[in-house]
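First up is the structure itself, then whatever we jot down about it.
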Amino acid sequence: MEGKKETHQFKTEVQQLMNIIIHSLYSHREIFLRELISNASDAIDKLRFRSQTEPELLGNDAEMKIRITPDKKKRTLEIADNGIGMTYDEVVENIGTIAKSGTAGFLEALGGTGKQDVVTPELIGQFGVGFYSAFIVADKITLITRAAGHEKATKWESAGDGSYTIETVDKKTRGTTILLKLKKVEKDEQDFTEEWTIRSIVKKHSDFVAYPIVMDVEKTEPVPDKDGQPEKDKTQKVIREEILNSMKAIWTRDKKEVTEEEHNEFYRHISHDWNPPLAHLHLKLEGTTEYNALLYIPSKAPFDLFTHEPKHGIQLYSKRVFIMENCKELMPQYLAFIKGVVDAPDLNLNVSREILQQDALVRNIKKNLVRKILDLLAGLEQQKYETFYGEFGHIFKAGISQDFDNKEKIASLLRYKTTHSAGLYSSLADYVNRMKPDQKEIYYITGDSLTTLLNSPHLERLKEKDLEVLLMTDPIDEWVIRDLQEFEKKTFKSAEKGDLDLDKVDDKKKDEYTALFDFIKTSLDEKVKEVKPSTHLKDSLACLSGDAYDMSAYMEKILRASGQDVPKTKRVMELNMDHPLLSRIKSIYEKDKDAAVLKDYTDLLFDIAVIAEGGKLDNPSRFSKLIGDLMVGAIDD
């Protein structure tokens, strides 16, 4: 019995994506088979995982396999699995709308529409749209799937022409079958119904898949006599099921035997990322704690890395039997981008996440893996490490707050641009080595951009003294500094907060300005908590700073941007007593303390200080008018 067939139109951006895939990856046509096999493998993995607690899902069909069936006459290719399958709703969610397949991220990576020439296998893999790569070779795709534990199946069909149909159908067994109606083969093109073509693609891209990839193959065999012995000179053609992949668990092999090409292919299999990994870690530990691990550091950040629920990349096995994917218990959040496999033979196959959290073996494995990964990062050559840091530095820095045991190791791997690094990254150790002989603190400043920080008035005295300052433009750096506090016994000191204590303030001059500063403080009482001589400024007129333990202006901005209700902190207004304009304002004040222009000058001083740190004015039109009036007066004079 079949249900009513419904026809749906793809959304505009989905149709755009389909057209790009169909017309752009012609020179990489074979990747479709790699992607469909990988999806089938994932489906079996999910079934194996669920069957640990729901063994009834397996029924009488416990032999997991992926079957490829070519038909040269009909020009079709079928890829079938007996994995977890999908319900009607799951087909709608995951196939029908492509909502779960990274469409927006994929199109954003192309920079908009019409850039089909930049589509590569790397993008197809990274954004999870591998299923649709089948439209490169197929005029029509028919998908029939039945979810484990469900009686009804779902049929989805599309010619990639802007619409698809979906209906409820019957299917005898669980799992997913994908039937491709192949396009006509042009001269010198691969024929995906040819046995040799299919064998070579599976060997190249899917040899490490943990389940048998089978195909019925025609063989010539001797004809047996009545005793089962081959008759002389008599042969017959028979169809035999043949396994195309080795299913060798690469992580159990001697690491010296595994080639770089094999590592790249296995990484593609587990990550769906067509970029080669930046580095890998292959471990085999024997003794009281036994496990194998093969971990990879990606060379490119996945598009979902900074989403609310990024996937952890570790797959957990026990004696080569898949237990679970996205195993958060084996890798901390700040290393969630690491991809790979951990095979721990002493784990129970029915282990749950709750048990894993308490398991001493798992905690020990995690501790060792983290230490080894940090050692691997520390040993990368500079260019590779900067590639890693550029892609993953934001999430990696969080380790300072998350991993107390490894805080010093992580700190040694932090990199920052500085006022002395000529635009290059510098380690904290290199900064310390360059410190002045009498310098006791590591100076830093946080803010939105390098340009803003490099031109900050807060750095003027530090630059005059040739003191290097770390330039921190990543929001998470505020938390890094809060939790790190010191490096190699050198404390961190903000260039924006507190007194710099680089020069002794001239007490006599300070007394001369006390009355004016008190007047300005009274005028700006709602905005500033103190007006004082600056220890930061050399050339600029004014700046805003905070007390040593105040929240920085950048931190306040970050919290507000995230929607938090942060009480506005009154800042300290610092004025440059050596600036000629301040001297003239002082003269006006001493002649007539009630002069109307003093209020205008006071507001201007505050607005100048706000602008100097990249802030926004409450009343920019009034500021513009006051500047215009002053310019007219100066020209008239």
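A few comments on the model shown:
- If you check 249, 210 for being in contact (Cβ under 8 Å) with a residue 12 or more places away in the chain, within 21 Å of residue 80 (Cα to Cα) and of a type in the set (Gly, Ala, Ser), only one passes: 210.
- For the range 433-459, the tally of residues that are among the acidic types (Asp, Glu) and either more than 21 Å from residue 482 (Cα to Cα) or within 26 Å of the chain's Cα centre (by Cα) (or both) stands at 2.
- Test: residue 108 is surrounded by fewer than 18 Cβ atoms within 10 Å (Cβ to Cβ), modelled with pLDDT of 50 or more and within 23 Å of residue 276 (Cα to Cα): yes
- Residue match in the range 236-246 (condition: open to solvent by less than 100 Å² (accessible area, probe 1.4 Å), touching a residue at least 60 places away in the same chain (Cβ under 8 Å) and within 30 Å of residue 342 (Cα to Cα)): yes
- Extreme residue, surrounded by the most Cβ atoms within 10 Å (Cβ to Cβ), among residues of the range 151-184 that are touching a helix residue (DSSP H, G or I) at 6+ places or on another chain (Cβ under 7 Å) and hydrophobic (A, V, I, L, M, F, W, C): 180
- Set 84, 44, 68: member being among the hydrophobic types (A, V, I, L, M, F, W, C) and farther than 19 Å from residue 32 by Cα: 84
- Residue check for residue 193: in a strand (DSSP E or B), modelled with pLDDT of 90 or more and among the polar types (S, T, N, Q): no
- Counting only helices (runs of 4 or more DSSP H) that fall entirely inside the range 378-424 and contain at least 1 residues that are without any contact (Cβ under 8 Å) to a residue 40 or more places away in the chain, the qualifying elements are 382-396, 407-412.
- When restricted to residues that are hydrophobic (A, V, I, L, M, F, W, C), under 28 Å from the mean Cα position of the chain (by Cα) and either open to solvent by 70 Å² or more (accessible area, probe 1.4 Å) or at pLDDT 90 or above (or both), the range 537-595 contains 1.
- Selection of the range 418-453 for residues being open to solvent by 70 Å² or more (accessible area, probe 1.4 Å) and closer than 27 Å to residue 608 by Cβ yields 448, 451.
- Selected residue (only one of 189, 194, 221 is at negative phi and open to solvent by 70 Å² or more (accessible area, probe 1.4 Å)): 194
Yes or no, residue by residue, for (1) out of contact with any strand residue (DSSP E or B) (no Cβ under 9 Å at 6 or more places or on another chain); (2) assigned to a strand (DSSP E or B); (3) closer than 25 Å to residue 491 by Cβ; (4) of a type in the set (A, V, I, L, M, F, W, C):
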| residue | (1), (2), (3), (4) |
| --- | --- |
| 538 | yes, no, yes, no |
| 548 | no, no, yes, yes |
| 555 | no, no, yes, yes |
| 564 | yes, no, no, no |
| 574 | no, yes, yes, no |
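- Any hit, the range 217-234, residues being part of a loop (DSSP other than H, G, I, E, B), closer than 30 Å to residue 342 by Cβ and either among the small types (Gly, Ala, Ser) or at pLDDT 85 or above (or both): no
- Among the residues of the range 141-151, the one identified as of a type in the set (D, E, K, R) and modelled with pLDDT under 95 is 151.
- Residue check for residue 384: surrounded by fewer than 16 Cβ atoms within 10 Å (Cβ to Cβ) and at pLDDT 80 or above: yes
- Count of the range 476-524 residues which are assigned to a loop (DSSP other than H, G, I, E, B), open to solvent by 40 Å² or more (accessible area, probe 1.4 Å) and touching a strand residue (DSSP E or B) at 6+ places or on another chain (Cβ under 6 Å): 1
- With respect to the conditions (1) within 29 Å of the chain's Cα centre (by Cα); (2) surrounded by 15 or more Cβ atoms within 10 Å (Cβ to Cβ); (3) over 21 Å from residue 39 (Cβ atoms), residue 267 falls short on a single one, namely (3).
Conditions (1) in contact with a helix residue (DSSP H, G or I) (Cβ under 9 Å, 6 or more places away or on another chain); (2) open to solvent by less than 30 Å² (accessible area, probe 1.4 Å); (3) modelled with pLDDT under 95, marked per residue:
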| position | (1), (2), (3) |
| --- | --- |
| 331 | yes, yes, yes |
| 354 | no, no, yes |
| 359 | yes, no, yes |
| 373 | yes, yes, no |
| 396 | yes, yes, no |
| 399 | yes, yes, no |
| 416 | yes, yes, no |
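The values are calculated or read from the model by the stated rules, or taken from the named source; none is laboratory data. Fair warning: this is a prediction, and the values are worked out from it, not measured in the lab. Note that each Cβ is placed from the backbone with ideal geometry, even for glycine, and that neighbours are counted across all protein chains shown. Just so you know, the surface numbers come from the protein's heavy atoms only, side chains and all, with ligands and any DNA or RNA stripped out. Shrake-Rupley method; radii C 1.70, N 1.55, O 1.52, S 1.80 Å.
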